[in-house]
1. Restrict the check to the range C:145-155 and report whether at least one residue is within 21 Å of the chain's Cα centre (by Cα) and within 14 Å of chain B (Cβ to nearest Cβ).
2. Applying the selection to the range C:73-118, what residues are touching a Lys or Arg at 6+ places or on another chain (Cβ under 9 Å) and of a type in the set (V, I, T)?
3. Tally the residues that are part of a loop (DSSP other than H, G, I, E, B), within 7 Å of chain B (Cβ to nearest Cβ) and among the charged types (D, E, K, R), restricting the search to the range C:409-447.
4. Name the single residue, out of those in the range C:102-118 being at the interface with another protein chain (Cβ under 9 Å from one of its Cβ atoms) and crowded, with 22+ Cβ neighbours inside 10 Å, that is nearest to A:Y252 (Cα to Cα).
5. Would the range B:275-288 turn up any residue that is crowded, with 18+ Cβ neighbours inside 10 Å, charged (D, E, K, R) and facing another protein chain (nearest Cβ under 9 Å)?
6. Would you check which residues across the range C:465-520 are at the interface with chain B (Cβ under 9 Å from one of its Cβ atoms), within 20 Å of the chain's Cα centre (by Cα) and either within 22 Å of C:V542 (Cβ to Cβ) or not in a helix (DSSP H, G or I) (or both) and list them?
7. With A:L195, A:L265, A:L215, A:L272 as the choices, which residue is touching a Ser or Thr at 6+ places or on another chain (Cβ under 7 Å), assigned to a helix (DSSP H, G or I) and more than 9 Å from chain B (Cβ to nearest Cβ)?
8. Filtering the range A:154-192 down to residues that are within 14 Å of chain B (Cβ to nearest Cβ) and small (G, A, S), which residue is farthest from B:M297 (Cα to Cα)?
Amino acid sequence: MLTQIGRRLATVIPSVIGVIIVTFLLTRVLPGDTAAYFAGPAASAQAIEEVRKQLGLDKSLPEQFGRYVTDLAHGDLGKSLTTGQSVTADIAARLPASAELTLIGLVIATSIAVPLGALAAVRQGSLVDHACRIITTAGVSLPVFFTGLLLAYVFYYQLGWAAEPLGRLSFLYSPPPTVTGFYLIDSLAARDFELFQAAAAQLVLPAATLAIFSLAPIARMTRASMLSVLASDFVRTARASGLSSGTVIVTYAFRNAMLPVVTTLGMVFSFLLGANVLVEKVFAWPGIGSYAVEALITSDFAPVQGFVLTMAVLYVLLNLAIDLLYGLIDPRIRVEG
Amino acid sequence: MSVLSDDRGQMSDDGRQMSDVGSLVANDSPAAGSSFSDLRPLTSDFRPLTSDIRPQTSVLHHAVYVIGENPVTGFAFALFLLIAVCAIFGPLVAPYDPLASDTAAAYQSPSAAHWFGTDQLGRDIMSRVITATRLDLAIAVFSVALVLLLGGVSGVMAGFFGGWTDRIVGRLADTIMAFPLFVLAMGIVAALGNTVTNIVIATAIINFPLYARVARAEANVRRHAGFVQAARLTGNSEMRIVLTQILPNVMPIMVVQMSLTMGYAILNAAGLSFIGLGVRPPTAEWGIMVAEGAAEMVSGKWWIAFFPGAALMISVFCFNLLGDGLRDIVDPQRRT
Amino acid sequence: MTTAIPLLSVRDLTVEFATRRGKVRAVEQVDISIDRGETLGIVGESGSGKSVTSYAVMRILDRAGRIANGSIVFGGVDLGDVSEVEMRDLRGREISMIFQNPRAALNPIRKVGKQIEDVLLRHAQAARSAVKRKAIDALRRVRIADPEERYHAYPFELSGGMCQRVVIALALACRPQLLIADEPTTGLDVTTQKAVMDLVVELTRERGMSTILITHDLGLAAAYCDRVVVMEKGTVVEAAPSRQIFAAPAHPYTRKLMKATPRLGIGLRDLLPGDSSPPASLASPSPRLRGEGRGEGAFPQAQTRGEAPSPGAQARADLSPQAGRGKAGAPLLAVDNLVKEYPRNSMTGAFAKLLGRNPDEEKPFRAVGGINFTIARGESVGLVGESGCGKSTTSMMVMRLIDKTSGKIEFDGEDIGAIPARQFATQAARKRIQMVFQDATDSLNPRFTAARAIADPLIRLGGIKNGVALRARCEELATEVGLPVALLDRFPHQLSGGQKARVGIARAIALRPKLVILDEPTAALDVSVQAVVLNLLADLKVQLGMSYLFVSHDLNVVRLLCDRVIVMRAGEIVEQGLSDEVLDAPKSDYTRDLIAAIPHPPM
């Protein structure tokens, strides 16, 4: 098992190298004077020259790349012009907000989508099946930012049920002492249930938006995979052996059907990390997505770079975790690895 | 397939172990490498009927049949025509000039004069929505065409020839896939600049891995097919096989993929515009219009963001349905 | 005893399927009954409805299927009245079923031992504490070695034969009264097939079980069944005790089926139904081809021995006049010390050692290990062996579709082995060696019409560009192979199996090759279609003066069509010689085992 993990980690390295190279190239592709962009719109000519030296833009490309990598190794992602702090620190501070939101959204989505898709496959042609198909086709068509806006409009503005879409906590409360950075966990750790409720209330709409967004591909894949497995030879054998429908559906069909769903999760994560950016803008969520967007507007490019790099590395690690999970479920992969 | 041809009793047209899964995930079967081989390879599990003369059904017949059976597909086709009309004749049909601002008439809710209301600059929203159809659709069409050319061709080459071609294309696709795709698009447009061309390029780049993978999987399956071997026997060189045998067989699946990606491309462009990385104001584009209307929405002026958002949703929905319908026509075994 | 109530009694059964073209009757008014302890064979070609009948009995018909009429009475209980819950009790406990393709029939991510336990627990055959032991017992009873180890195995770790044994163990775990076996050995090698069938018969006999064996293979039915039911297009055409039906078949369809089955002591023409004439393509069918008279070229060896050649040899001799005369000049094809190796995996030895793997395991896999044989002009040579013996690899190398590792392939004086496979397509020699594939469906481009497929070699290698000339030539070829010209504009999915086979043959002979390699060309065809196609192949060979390399696992077919036969095993040639000699008096044990494993119909 350890050798297998080791081998998988080894395949991650080229991806990370690729990511580093691409992000490096992206910064060098900036139209106009790169140094000017990093110095900011209000910088004087002298300041721009200083920034140029600082960034090593006067050196050759390979040297620049070397500097870039060395900086990365030290965790140095540059400095944000707008916040004045190091990008690494900014990202570290804001990452938990995005992580909490994304994870909750994904958990909600999976817990609805998987049973829905499975049920739709088992009861083909029924109401559940049709509902599933409509939901998945519609869900895939909804622009995530539009969904968020609609939800906010209906549930906050019209019905007044939801909290005001202005961030992680209403201004009445202050955040709990940091343990994980996840407000839900931290407030429970501090035994502050009122705070927990407040944080949860703020989470409802944005998490629901992300959930609606990721519901569709998961349900779709679950349904397709279940249908395929239910039509397979070994399920026929199970039925012919008189196994109860519960055993057939759960132990025989569902477990096998989950394999492609797990693989799809990787794709879903990719979409989610992108959708995150949009949802954070709609709900003023102080995560790294909105951090990057704010920086973009002010032409502050170091945070944007840092954001792209962080997201990519996170995604690579997530995919690794999914591969390992897959290997756990499917013994055929285990042997090969 | 004749009903009676699969004599194992499972009369389903679509249940023969072909999975939707395969096309999305493109896994190679791990069990195929088993070294125990006292099983004769079962290339065809069933024995066809000795004599059945079936009436010929052309592609058109089949298409009409599928549409007839599935009215939703027909509906999608109709919707597609509507959208196409808006795109082509948009500026002619729109009642007002999409760029004409009239601050006196700002923030009007939907009325007889302005069916979709007016925005903060007094511009007629319906005209803007209709005009924007052309831009959004054009972005989608061009990026899909571009990625079909790049991704489709390289995928087919990689899948058919294997070796270094496969490795290089694979590495390229993997590098792109290492990024969350929208984030990468953000990065590319941020680096290259806010123009429509760059949005098209960015969208094409982020869709490259998907197309390359689908094309590769299709070409790979057919690489070892009997008719490809037969084509070698009848004197076809490898390149000729790719052009005359592989591509025509891969195209239908790619067309389905294109239709599905159109929707995604529109959403992508709109998303980029929403965060300010897309088209610049005052151009009429659905994403930007939603962004402009977002702030107003929470204070009750829902129509500014709603109509462009609905237009987005309807077009993407239409393309998805269309893609599903096309998939039914092309490959009924992969029905969702 | 004669009035004992049958265990299963199917009366007037009609099964309908709802399809895109309306309701289709797969099975119509079928009567079948089976007594306790009896083995019944249901025989038929594809579309006969034999499988559908058994699915109806088990009530595991597809969603689109429905029992429209009739009754199924099992052990005195009318299964039509039984609820689904009760039916589930019956399945596995009283009636069991095993299917084709055993590896696919098992859950790929669940240990086989656990799968047997599931069945035992479901039917309350064991308490949780004892169920593992019972599962291991079940594995032992089906003769799986090391059952304690195999309990933990996954299906992909087991061979096809072992998988089928596990499936049998699953089916028999709860000691049902009736076992339905739906083509259980199709796809298995002949020796494995014998082992599996012997096992099934032994286990069912020792428990007094009844068995229904559904098969297309008459020989199998004859060897293992007490009674036989013959089905055609959804109806029962004949039902009689095994001995009676094989000795004196009453129904014309049964007779046609029997006639078409390759067996000992007949010639190719005898496969065809009595009233049919040879393909219209031949201008004047020689009376010799019907086996009348002794033509020139009869086996000299047989003559010098003063014996009459066997009918098979006679027929073959008529079809290959030169073969018996000894080599008139150099052989057409000479294969010398041909080797094909595949590297096991891409890791280098050093890296392998680093990971603690045994470097010897990294030695390449020898698919073909140095074989020698020749094919004379006008000769038909059979290449037989079980899966993995290397016969397909050999034929691929001779075809120049894959490259050899070492050795020489000489064709018509030219060393074609030296030309890389990739470049061979455009060589002049390409048109002189052609192939007919096993799976006709797979070998035809789904987007090409039959005419376009046949025209391909003419366009590429035949230099015919003119559309009219091309079409004319296609029509000529179609007529030669007995394909109606009207079908030329159809696509493969609109053609039947036999028709597709003919298209493949027309394409192969289009350029008048000297050597045609036939890779199990009739394996996927119904037996009656096979009879026609084999005759067609034999006639074409004579007419066009070709040589054949006939790759097959079916020894009976090889005996009919081939002058000489080569037996391969694990990449080596075990034995080669004249067909009759090798097949009647084999020298090697392996060949003997192979021949003994073929189930012979008693005719």
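The values are calculated or read from the model by the stated rules, or taken from the named source; none is laboratory data. Everything numeric here is computed off the predicted structure, so don't read it as measured data. Note that we place each Cβ from the backbone using ideal geometry, even for glycine, and neighbour counts take in every protein chain shown.
1. no
2. Within the range C:73-118, C:V73, C:V82, C:I109, C:V112, C:I116 qualify.
3. Step one: list which residues in the range C:409-447 are part of a loop (DSSP other than H, G, I, E, B), which gives C:412-413, C:419-420, C:425-427, C:437-447.
From the residues that got through so far, the ones that are within 7 Å of chain B (Cβ to nearest Cβ) too are C:425-426, C:437-439, C:441-447.
With the extra rule that they be among the charged types (D, E, K, R), the set shrinks to C:439, C:442, C:447.
Residues meeting the conditions: 3.
4. Within the range C:102-118, the match that is nearest to A:Y252 (Cα to Cα) is C:N107.
5. Checked the range B:275-288: no residue is crowded, with 18+ Cβ neighbours inside 10 Å, charged (D, E, K, R) and facing another protein chain (nearest Cβ under 9 Å).
6. Answer for the range C:465-520, where residues must be at the interface with chain B (Cβ under 9 Å from one of its Cβ atoms), within 20 Å of the chain's Cα centre (by Cα) and either within 22 Å of C:V542 (Cβ to Cβ) or not in a helix (DSSP H, G or I) (or both): C:S496, C:G498, C:G504, C:E520.
7. The unique qualifying residue is A:L195.
8. A:G167
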